[in-house]
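Each value in this text was obtained by applying a stated rule to the coordinates, not by laboratory testing. The shown structure was predicted, so the numbers you read here are calculated from the model rather than taken from an experiment. Counting neighbours? That spans all protein chains shown, and the Cβs are built from the backbone with ideal geometry, glycine included.
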Amino acid sequence: MVSTEPKAEDVFLLHGVYIIDADNTLWDTNEVFLGAQIRMIENMRENGCSLETGAALEFLRALDFRLAVALDDFEYDYSRLACALFLVDRGRPENEAVRLATAAVPPAPEWDRARLAGRVFYTHLQAHCPPLFFGVAETLAALRSGGNTLVLHSEGRHERIAETLSAHNLDPFFHHTALERKSQDSFRRARLAGEAYFAQTKGRSPDHCVVVGDSPKRDIRFGNIIGATTVFKPGGWLGTELPDDPLLTPDYTISCFTELLELGTK
Ligand SMILES: [Mg+2]
């Protein structure tokens, strides 16, 4: 059990600024996205897609990252993903499907059907708030009451992140929110904002900066680049595997959010 008693500053070995990711770190976005993707595929099957759900999901996962990179946007309009799947189902090679689905105007008739499927996807997302992982609210409360500065850094769609924060009453825990595309510069800005708040309220600089996230490439890499202590908290989307690359290797790996407090206990 996590204690909800206020923690004193001196119990934290890593005391200072915590930069924390949102999706699949604080809450289980993957569970809700998976449900929305299945609804989307069911709709596509009703509208002429012959891929069975399992195969379509497998393609979807393969194509999703490629579309995100091609569009330079990790939360692009998922109608484009449905469009790419329709094109693959029509026998187009994957490369061509990605190119056509990311064009300014994707080809009809696939695009018309894809937009219907996209609507089904977003309707499901709006109706299902992702559940918090175990111990998140208690851990944030304990970190905050122990005098740490908490910064949320997410590249998810602003309205969705704001709505999820609010639905779980998490806003009051964060001193600063950085909703922008992740990069080493964005993490430096998040750190500076956290350090400024810490210095303003405590009259001294923080001893540590800690970055917590589920993505080796989007969280751990940038945390390591800015010289933070990095904590990998695997979620359902990317799994627990770590690439064999020192830049993507965290200082700590935790399986439960509450372990953040144990790491910091002297
Ligand atoms: Mg994440």
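Of the residues HIS175, HIS208, the one with the fewest other Cβ atoms within 10 Å heads the list, and the complete ranking is HIS208, HIS175.
With both labels modelled 7 Å from their Cα along Cα-to-Cβ, the THR53 to THR123 distance reads 1.7 nm. If the chain linking PHE65 and ASN30 were pulled fully straight, counting 0.36 nm for each residue of separation and taking away their Cα-Cα distance, it would gain 11.2 nm. Tell me, Kirkwood radius of segment 127-266 from alpha-carbon pair distances, in Å? When all Cα pairs of segment 127-266 are included, the Kirkwood radius is 15.7 Å. Scaled against the 2.2 N^0.38 Å expected of a compact globular protein of N residues, the Cα radius of gyration of the chain reads 1.10. With a cut-off of 11 Å, note down the residues of segment 26-41 whose backbone N falls inside the zone around a label point 7 Å from the Cα of ALA167 toward its beta carbon. Within reach of a label on ALA167: 28-29, 32-33.
Diffusion coefficient of segment 66-113 by Stokes-Einstein, Kirkwood radius over Cα pairs, 20 °C, 1.002 mPa s: 207 µm²/s. In terms of other Cβ atoms within 10 Å, TRP111, TRP27 run from fewest to most in the order TRP111, TRP27.
FRET efficiency for the pair THR240 and LEU179, taken as 1/(1 + (r/R0)^6) with r the Cβ-Cβ distance and R0 = 22 Å, rounds to 0.25. Overall size of segment 31-127 from C-alpha positions, given as principal axis extents largest first: 31, 28, 22 Å.
Taking other C-beta atoms within 10 angstrom as a stand-in for reagent exposure, ASP244, ASP21, ASP185 fall in the order ASP244, ASP185, ASP21, fewest first. Put the Cα centre of segment 116-139 next to the Cα centre of segment 195-246 and the gap is 24 Å. Each Lys or Arg adds one and each Asp or Glu takes one away; over the other residues whose Cβ falls under 15 Å from the Cβ of CYS129, this sums to -4.
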